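Inspection log for the structure reproduced underneath, given as structure tokens.
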């Protein structure tokens, strides 16, 4: 153990450096870093909605498994608790809750805001019916509410205003709360945090679960949740479960294999040194350049750094019996240096892609590869004894079979050509365009979300309508014109409803028009006196009504700037009306779209109304991003070919490129045969595969090309083959398990790398330079 003290000291230093560095590094998870710069207004709108859209902040809860009165009690208790948490801008369960200050503000502006403010509402016939309704209300259980509002607002403008906010509700109210069939109590909440803030959304979901637990639910009652916070939690749970299982199994299998192969657990420490050094350097460099590290860059970079596990294996296994470890490192360095340079060349174009996320991926992986290679070349020989570690020889029969593969080179080339032709005739691999198929969220959770959204009447997030204007007034007027044009579709059932900002805050022009419809004081007093005849009301009973109508006529319109004292109204309005750079935007959200063609046709007749199909636009952005990644990968491939040609000559470079290209071709052919649709996850895994396959081809080609005739040649070839086989087995033991996962990103990565590594190894053996009769 004293001989390996330096190795343990280095590992201890690296282990201590990790938590210190992570305290300084900011990790982010904004998906927009991986989306292209929007080229259309629809795409620009979509990117804004991904960050701050109304639909991304919704959380829907359902409570079932108990009698309706118990469900109503739990619903009220939960609503009060989650509202007090401060995490939500709006909590609704059918029982309206409004602070006195906000109620007073809205009551004062009721005639400007309420759609019930029409000239017909102040005719003598209408006023007579209104006063009779007040009288009936005083004789009913609603008497306290009527005494509070009825004499100041006999026309019911305030109640019509509040009812208008819930006019599109698709769920009945029972025991004072929303109740769907089942029975199932429903709650709808809007979090204050952005939809992409997965940590805050997960906290919002946790607040609901805690409120349910503290509401003393009876036995059998259960809570159902859907929304971004739940999706984030479910996705994280699915990924964590898969990663935990794979990590444990792969660690045991890889560790056992390395201990068997090198007859010492110290090989695990040897492999950890360049990997840790590369990861630390990559984190520091990316954070220094970009000011933060994207979570995807960290994940991809760690996966890509799986290539560097090969470096210490190639060093330890490739050492000849008469060599010291320093001499072996010096001998393999030109080949290792070329392999790293080629891999970095393939990643470099990502830095110039214009996508911040892709640039981080490339910089992280390139930095890690370079530092890990340098650690293998200079640090490991200084930390280990000169004789390195013992290595078990390959089984003789296996070595004999693999070393004879170059004799089957023509058959291999014919096979690759046949596969290429078959794949071309089949139209190439099919690509995955359904974003739901790429989601790590379980299908059962997505189905529940769709059902709860339908029951509570939440907006249909597939489509959003948008109007842009220079100021808030223009945006509100545009929303009113659009809503008026779409009203026939709602009446005909083509769409189930329409939520828009003018429902909550009409434009100043509409408010002025409503106030202008109010009768003057003398006319209203005369009409009120006429309709009061025969009713048991005092002459002064409706004096507050007369006084407040007069005050309303001279009121200025309510604007977004006046809503600081109206948090409930502001919470409903803010997602639908917001300031943007250079103007304001109003968002209209249709619910339950049954006739998309009619919606598009009607919207096309409204000037300035933008129709955004969220799913289609997202898929278009994804396709554009994937295409850009493929184009930059092609540029990287050309750079790799140039570098290989310069390092190995034209023939050698083409031979290595053929092995690498053949491996990629066979991989995608096998994926197509298995029914896999190619996604961005498969393409990302192909980059890792390319790096691994290049190492195999370079080291086998280098050994074959420089081998001496005779027994030493056979030993050298077998030693190089053993190094590459060890690298391949460790890769398969890790990524082969990933292929068994159900999480799309893990499954796609594991399956692609597993198939590709096997193909890359066999092609590297078959296409390596022959050794003549000695082979």
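A few comments on the model shown:
- Of all the criteria given as (1) in contact with a strand residue (DSSP E or B) (Cβ under 6 Å, 6 or more places away or on another chain); (2) farther than 30 Å from residue 508 by Cα; (3) loosely packed, with under 15 Cβ neighbours inside 10 Å, the one not satisfied by residue 608 is (2).
- Failed item, numbered, when residue 676 is tested on (1) under 32 Å from the mean Cα position of the chain (by Cα); (2) assigned to a helix (DSSP H, G or I); (3) under 19 Å from residue 419 (Cβ atoms): (2)
- Hey, residue 165 surrounded by 23 or more Cβ atoms within 10 Å (Cβ to Cβ) and either at pLDDT below 85 or over 13 Å from residue 107 (Cα atoms) (or both) or not: no
- The lone exception for residue 376 - which of (1) outside any helix (DSSP H, G or I); (2) within 19 Å of residue 6 (Cβ to Cβ) it fails: (1)
- Of the helices (runs of 4 or more DSSP H) that lie entirely inside segment 69-181, those containing 2 or more residues that are within 23 Å of residue 507 (Cα to Cα) and out of contact with any helix residue (DSSP H, G or I) (no Cβ under 6 Å at 6 or more places or on another chain) span 100-108, 157-165.
- The condition of being in contact with a helix residue (DSSP H, G or I) (Cβ under 6 Å, 6 or more places away or on another chain) and either over 30 Å from residue 58 (Cα atoms) or at pLDDT 65 or above (or both) holds for only one of 440, 429, that being 429.
- Qualifying residue in segment 263-282 (condition: surrounded by fewer than 16 Cβ atoms within 10 Å (Cβ to Cβ), closer than 23 Å to residue 329 by Cβ and free of Cβ contacts under 8 Å to residues at least 12 places away in the same chain): yes
- Those residues of segment 136-153 which are crowded, with 20+ Cβ neighbours inside 10 Å and more than 51 Å from the chain's Cα centre (by Cα), in sequence order: none
Quick grid of which residues meet (1) outside any helix (DSSP H, G or I); (2) surrounded by fewer than 19 Cβ atoms within 10 Å (Cβ to Cβ):
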residue: 505; (1), (2): yes, no
residue: 512; (1), (2): no, yes
residue: 531; (1), (2): no, no
residue: 545; (1), (2): no, no
residue: 551; (1), (2): no, yes
residue: 563; (1), (2): no, no
residue: 572; (1), (2): no, no
residue: 585; (1), (2): yes, no
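- Flag for residue 691 being within 31 Å of the chain's Cα centre (by Cα), assigned to a helix (DSSP H, G or I), at pLDDT below 75 and surrounded by 20 or more Cβ atoms within 10 Å (Cβ to Cβ): yes
- Which numbered condition residue 762 fails, given (1) surrounded by fewer than 22 Cβ atoms within 10 Å (Cβ to Cβ); (2) at pLDDT below 80; (3) closer than 23 Å to residue 641 by Cβ: (2)
- Test for residue 379: is it in the same structural domain as residue 5 (by TED's automatic domain parsing) and surrounded by 22 or more Cβ atoms within 10 Å (Cβ to Cβ): no
- Candidates 743, 749, filtered to the one that is within 13 Å of residue 671 (Cβ to Cβ), under 23 Å from the mean Cα position of the chain (by Cα) and either at pLDDT below 80 or outside the structural domain of residue 404 (by TED's automatic domain parsing) (or both): 749
- Residue selected from segment 517-529 under the condition assigned to a helix (DSSP H, G or I) and touching a residue at least 12 places away in the same chain (Cβ under 8 Å), by the criterion surrounded by the most Cβ atoms within 10 Å (Cβ to Cβ): 528
- Verdict on residue 6 being in the same structural domain as residue 294 (by TED's automatic domain parsing), in a helix (DSSP H, G or I), within 29 Å of residue 274 (Cα to Cα) and at pLDDT 90 or above: no
- Qualifying residue in segment 215-235 (condition: surrounded by 14 or more Cβ atoms within 10 Å (Cβ to Cβ), out of contact with any strand residue (DSSP E or B) (no Cβ under 9 Å at 6 or more places or on another chain), in a helix (DSSP H, G or I) and modelled with pLDDT of 75 or more): no
- Some residue of segment 474-489 being free of Cβ contacts under 8 Å to residues at least 60 places away in the same chain, more than 23 Å from residue 120 (Cβ to Cβ), touching a helix residue (DSSP H, G or I) at 6+ places or on another chain (Cβ under 9 Å) and surrounded by fewer than 22 Cβ atoms within 10 Å (Cβ to Cβ): yes
- For segment 318-329, a residue qualifies if it is free of Cβ contacts under 8 Å to residues at least 12 places away in the same chain and either within 37 Å of the chain's Cα centre (by Cα) or exposed (fewer than 15 other Cβ atoms within 10 Å of the Cβ) (or both), and the qualifying residues are 321, 322, 327.
The values are calculated or read from the model by the stated rules, or taken from the named source; none is laboratory data. A quick note: this is a predicted structure, and the numbers were derived from the prediction, not measured. We place every Cβ from the backbone using ideal geometry, glycine too, and count neighbours over all the protein chains shown.
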